[in-house]
């Protein structure tokens with residue numbers, strides 16, 4: 001999945017080997033008993049020619065490395081509520097949420113025929129400890145030991161209650177074969193040209209223009225019915241869009257303006273798209289800036305933004321206005337505090353209210369019509385966005401226009417991704433539009449966004465009530481307890497505006513049903529459906545069946 005760095009539902013769970021009933025039905029009713037040689041063509045996004053890299057701990061790992069080749073212990077659905085056992089079958093917390101015991105799946109083999117055991121899991125997590133650069137999720141901040149208890153059980157011990165580590169450990173750490181990787185001198189830079197994994201696919205061939213996978217005949221879940229995967233390289237959105245609309249791509253994660261007209265209408269029987277929300281597009285505010293640090297300024301900015309226009313114009317009707325809580329709804333509806341007032345449930349577009357708030361805070365307009373603080377500082381800010389990200393570029397132009405009308409001057413700065421991202425991580429930006437980090441519960445959003453210890457806390461929010469609620473969650477061993485700790489964070493987001501939610505961030509997902517069935521749909525949302533979400537990509541591939 002996408003994360004700023006690279007993303008605890010239950011304190012104990014025993015999960016059945018099958019997936020959701022709906023998912024299983026797609027597999028069982030297909031009527032196909034063997035793999036087919038019809039290749040499945042996948043395009044995550046146009047990114048030019050490929051550089052060979054199948055290292056699961058590298059930010060440059062190619063699409064298909066995570067999920068199809070390397071697997072996690074579990075999968076947690078970000079748009080639903082289900083969990084799927086992968087290399088493990090059950091887990092349980094104990095000792096006041098300081099011990100996590102995981103039972104591994106029996107009978108799993110690495111693709112080279114060697115058995116998968118607890119020694120591989122222990123090795124993988126110890127590698128993260130030995131090389132902190134690989135520990136992108138900070139697992140070892142509270143983890144103190146990982147121990148094997150026989151071949152099929154692993155025990156994780158923590159220095160303090162650590163429920164929040166559950167997803168990082170079970171659902172976001174890809175397990176390596178110890179016998180191979182223990183011989184690698186520098187795992188962080190190793191490109192892994194011959195990957196050996198536990199997943200349903202094997203690397204078959206590679207070139208800068210295309211690489212292919214073939215079905216793993218020894219996969220523990222049974223050999224996949226789709227035998228061959230092809231990953232062709234495309235250098236532009238235009239060429240990829242044309243191939244997609246023509247039926248030459250089966251599965252893609254491409255932003256398409258007017259997808260219904262441009263894509264679906266070309267072949268309504270087979271060309272389909274579904275863009276479910278999975279995160280929040282945020283207007284980040286750098287609180288080191290003495291003006292943005294003032295709540296009335298952030299409130300005025302928020303009231304002046306017409307989110308409906310962002311939704312309908314900038315986002316082509318794909319991404320509706322966000323909730324003030326920062327939660328993705330209805331995905332997180334069950335986590336919404338029952339006593340939130342209406343003003344905390346939906347944003348208002350009210351330019352006059354924006355002006356009124358600033359006037360009450362002592363701001364006055366200068367001769368150029370720009371509000372100036374009592375200290376003489378004009379409300380003039382630079383808004384960063386990536387050049388060429390057309391929907392966000394349009395959003396920023398619209399925001400600049402709307403804020404300009406109330407007396408807040410915005411200079412839109414379109415720049416290359418590297419400079420844009422560095423400005424966030426170095427804290428040198430003023431305003432910036434970007435995504436948020438989702439997870440299987442709202443804790444992961446709020447922890448990344450608001451924790452004073454989070455490297456993804458780009459705004460620099462530091463608040464005792466926030467930190468206390470996040471820490472309390474770490475000891476919460478039931479869903480009801482966890483909700484009680486999440487509720488105060490929703491109120492903080494809605495009333496204090498650490499940063500300003502704009503619209504829901506969609507998952508770009510196009511699929512062609514001419515040759516294959518079993519795709520995730522709104523009626524059967526068994527995983528996040530885009531080919532750039534992991535490890536769900538591997539789960540989808542095991543559910544697809546040749547048509548006919």
Item to check | Where labels lie 7 Å past Cα in the beta-carbon direction, separation of residue 112 and residue 242 in nm | outcome: 4.4 nm
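Assign one of three labels to region 336-383, namely rounded, prolate or oblate, based on the Cα gyration tensor with a ≥ b ≥ c the square roots of its eigenvalues; rounded applies when a/c is under 1.5, prolate when it is not and a/b is larger than b/c, and oblate otherwise.
Values: a/c = 2.83, a/b = 2.56, b/c = 1.11.
Judged from the Cα gyration tensor, region 336-383 comes out prolate (a/c at least 1.5, a/b above b/c).
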Item to check | Shape box of region 187-294 [Cα atoms, principal axes, largest first, Å] | outcome: 60, 46, 30
Checklist entry - Is region 397-548 rounded, prolate or oblate when judged by the Cα gyration tensor, a ≥ b ≥ c being the square roots of its eigenvalues, rounded requiring a/c under 1.5 and prolate requiring a/b larger than b/c? => result oblate
Item to check | Rg(Cα)/(2.2 N^0.38 Å) for region 277-506, N = residue count | outcome: 0.98
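What does the C-alpha gyration tensor say about the overall shape of region 83-182? Classify as rounded when a/c is under 1.5, otherwise prolate if a/b is larger than b/c, or oblate. Could the numbers behind the result be given before it?
Values: a/c = 1.84, a/b = 1.30, b/c = 1.42.
Judged from the Cα gyration tensor, region 83-182 comes out oblate (a/c at least 1.5, b/c at or above a/b).
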Checklist entry - Which translational diffusion coefficient, to the nearest whole µm²/s, is obtained for the chain from the Stokes-Einstein equation, given a Kirkwood hydrodynamic radius over C-alpha pairs, 20 °C and 1.002 mPa s? => result 87 µm²/s
Next on the checklist: Give me the percent relative contact order of region 411-470, please, defined on Cα pairs under 8 angstrom at least 6 residues apart.
Outcome noted: 23 percent
Item to check | Value of relative contact order over region 121-167, rounded to a whole percent, pairs C-alpha under 8 Å and six or more apart | outcome: 30 percent
Item to check | Relative contact order %, region 277-506, counting alpha carbon pairs below 8 Å whose residues are six or more apart | outcome: 34 percent
Checklist entry - Using 0.36 nm per residue, how much length does the chain from residue 349 to residue 465 gain when fully extended, once their Cα-Cα distance is taken away? => result 38.9 nm
Next on the checklist: Based on alpha-carbon centroids, what's the gap between region 52-126 and region 439-453 in Å, whole number please?
Outcome noted: 22 Å
Item to check | Neighbour-count ranking [beta-carbon atoms within 10 angstrom, fewest first] of 238, 437 | outcome: 238, 437
Item to check | Protection proxy ranking of 518-527, 254-263 - average other beta-carbon atoms within 10 Å, highest first | outcome: 518-527, 254-263
Next on the checklist: Using alpha carbons only, how many angstrom separate the centre of region 346-384 from the centre of region 136-187?
Outcome noted: 49 Å
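Only the coordinates and a few stated rules stand behind these numbers; no lab work does. These numbers were taken from a predicted model, which means no experiment stands behind them. No Cβ is skipped: glycine too gets one built from the backbone with ideal geometry, and neighbour counts run over all protein chains shown.
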